[in-house]
């Protein structure tokens, strides 16, 4: 009898749902809106309703569903307890139990970044490896740690929160976490724009970059065209991130680093820059650790959710 699973990646604006067979083949994907009103009280009901509708339309019995893998934007304990998801309005509760009650289907939950890392290890940029560190460079900086094919969430559920490693002890600007000098302040999409604004405030050289029209894409595009100011900004990002990965390697020693998120669309030029500084700072035994681009894009979370069920 064929078995199925649902991968559910919960974001702040939309929820991506994939129906998979248990060999890992995606059969169908769709999205529903994330309704965050009333502290996100409707989110699990909406997920349950979408899954039940899909089972009905595909003529699949609940007994043929192995489980629901759920990725959420917040810390998740090993027992399925979510310790707050600010973007969803959630507090602390056991999300696995809550969704099981609504569906009658076993649920396994994880942090969205860790789950995305699991997906990339399984079917993406880290395929063929069991020890993987993924870094997502988006609006913020997140990450996931996979050791021997398993997610490392940590005791408090914050394993992989690489964006809040302290990389500059002299920074005075405050990060979104309330501290300062975090990796996220320099290597995220908003971080490189922040650095650009500071640089342009005193920059006398000619540049195509404009203070009132800055974006990470504009900076990387200008760098590709040889703009010296943009090239320096990208080099700063690569140096800071390369050094951070070298520090991570001293603790985790992964087979491969996978770079994802919107900033990773800069492609191999970004990876080459990171590699240059990583090898400069890394411990000698780990100088040659692979650094690759993520390949699953926005589907990584769904794939990782299914892998959790294994």
Completion exercise
Residue separation between residue 221 and residue 265 times 0.36 nm, minus their alpha-carbon distance, gives in nm 14.8 nm
Fill in the blank from the handout: In degrees, nearest 10, the alpha-carbon axis of helix 228-252 is tilted away from the dominant principal axis of the alpha carbons of the chain by 50
Practice task
Measure nothing but the geometry: give the 0 to 90° angle between the long axis through the Cα atoms of 268-281 and the longest principal axis through the Cα atoms of the chain, rounded to 10°.
Solution key: 70
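Given Cα pairs under 8 Å that are at least 6 residues apart, what percent is the relative contact order of the stretch 157-307? Please list the in-between numbers first.
Numbers: 175 pairs, mean separation 26.7, N = 151.
With pairs under 8 Å counted, the relative contact order is 18 percent.
Please give the peptides 283-293, 170-180, 9-19 ranked by average Cβ packing (other Cβ atoms within 10 Å per residue), highest first, as a rough proxy for protection. Walk me through the numbers before you get to the answer.
On the way: 283-293: 15.2, 170-180: 12.1, 9-19: 19.3.
Taking the mean over residues of other Cβ atoms within 10 Å, the ranking is 9-19, 283-293, 170-180.
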Handout entry: Cα→Cβ-extended label distance, 7 Å offset, between residue 23 and residue 63, nm
Key = 2.4
Handout entry: Debye intensity ratio in log₁₀ form over the Cα atoms of the stretch 128-294, taken at each q of 0.18 Å⁻¹
Key = -1.12
Exercise for the section: Using the number of other C-beta atoms within 10 angstrom as an exposure proxy, rank 151, 165, 121 with the fewest first. Expected result: 165, 151, 121
Handout entry: Two-site FRET efficiency, residue 272 against residue 172, from Cβ-Cβ distance with R₀ of 30 Å, rounded to 0.05
Key = 0.40
Fill in the blank from the handout: The simple spin-label model distance between residue 211 and residue 14, using points 7 Å out along Cα→Cβ, in nm, is 3.6
Problem - Highest to lowest packing among 215-223, 106-114, scored as the average C-beta count within 10 Å - result: 106-114, 215-223
Practice task
Using Cα pairs closer than 8 Å and at least 6 residues apart in sequence, work out the relative contact order for the chain, in percent.
Solution key: 20
Completion exercise
Taking a label point 7 Å from the Cα of residue 148 along Cα-to-Cβ, the residues of the stretch 233-257 whose backbone nitrogen sits under 19 Å from it are 251-256
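Sorted by average packing, counted as other Cβ atoms within 10 angstrom per residue and highest first, what order do 25-32, 301-308 take?
On the way: 25-32: 12.9, 301-308: 28.4.
Answer by packing, highest mean first, reads 301-308, 25-32.
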Handout entry: Gain in span if fully extended, residue 94 to residue 280, counting 0.36 nm per residue against the direct Cα distance
Key = 62.6 nm
Fill in the blank from the handout: Quick calc: nm separation of the 7 Å Cα→Cβ label points for residue 79 and residue 35 -> 3.0
Exercise for the section: Note the angle between two axes, namely the Cα long axis of helix 112-123 and the longest principal axis of the Cα atoms of the chain, as a number of degrees from 0 to 90, rounded to the nearest 10. Expected result: 80
Exercise for the section: Tell me what the chain gives for mean residue ellipticity at 222 nm when only DSSP H runs of n ≥ 4 count, each as -39,500 (n - 2.57), the sum divided by the residue total, rounded to 500 deg cm²/dmol. Expected result: -11500 deg cm²/dmol
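All of the numbers you see were taken from the coordinates with simple rules; none came from a lab. From a predicted model like this one, the values you see are computed outputs, not experimental measurements. Ideal geometry is used to build each Cβ from the backbone, glycine not excepted, and the neighbour counts take in all protein chains shown.
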